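> Take a look at this one; I'll ask things after.
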Amino acid sequence: AAEEEPEDDAEKVDWYRKKADQGDADAQYNLAVCYDEGKGTGQNLQEAAKWFQKAADLGDGDAQFSLGVCFHEGKGVAKDDAKAIDLWTKSAKQGNADAQFILGWSSSEPPE
């Protein structure tokens with residue numbers, strides 16, 4: 001049986017971290033969001049960027065988008081628009097609507 005995600009924010013952070021350490025991209029993304037928003041743990045933008053990076057490396061489109069935002073805004077990482085655009089492009093190619101919008105794609109197809 002699948003483990004139930006806890007209700008309590010602090011317990012969620014521990015639960016996500018356990019799964020994230022096992023290489024679960026969804027958990028890595030969710031853990032990053034907790035650090036980004038300070039939910040269940042202290043806000044830590046460097047830690048958020050680190051976990052977005054791990055999930056992005058595993059091909060998580062939402063993490064690629066969020067990490068792109070981190071690079072665009074210099075949140076927890078050095079500002080780097082080229083990296084942001086690269087990450088948003090990877091995310092958009094996976095169908096992330098936010099990334100497609102930021103890049104100005106008029107459809108889900110990359111421009112020629």
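The values are calculated or read from the model by the stated rules, or taken from the named source; none is laboratory data. Here the structure is a predicted model, which means the values were calculated and not measured. Every residue, glycine as well, gets a Cβ built from its backbone with ideal geometry; the counts of neighbours run over all protein chains shown. The accessibility values were calculated without ligands, DNA or RNA, using every heavy atom of the protein model including side chains. Shrake-Rupley method; radii C 1.70, N 1.55, O 1.52, S 1.80 Å.
> Just checking, which of Lys79, Lys83, Lys50, Lys39 is more than 19 Å from Phe101 (Cα to Cα) and in a helix (DSSP H, G or I)?
Numbers: Lys79 fails: in a helix (DSSP H, G or I); Lys83 fails: more than 19 Å from Phe101 (Cα to Cα); Lys39 fails: in a helix (DSSP H, G or I).
The conditions single out Lys50.
> Could you please give the count of residues in the stretch 49-93 that are open to solvent by 30 Å² or more (accessible area, probe 1.4 Å) and more than 19 Å from Lys19 (Cβ to Cβ)?
Matching residues across the stretch 49-93 total 18.
> One residue is enough: does the stretch 25-48 have a residue meeting the conditions more than 23 Å from Thr89 (Cβ to Cβ), open to solvent by less than 50 Å² (accessible area, probe 1.4 Å), under 14 Å from the mean Cα position of the chain (by Cα) and among the small types (Gly, Ala, Ser)?
Yes, the stretch 25-48 has at least one match.
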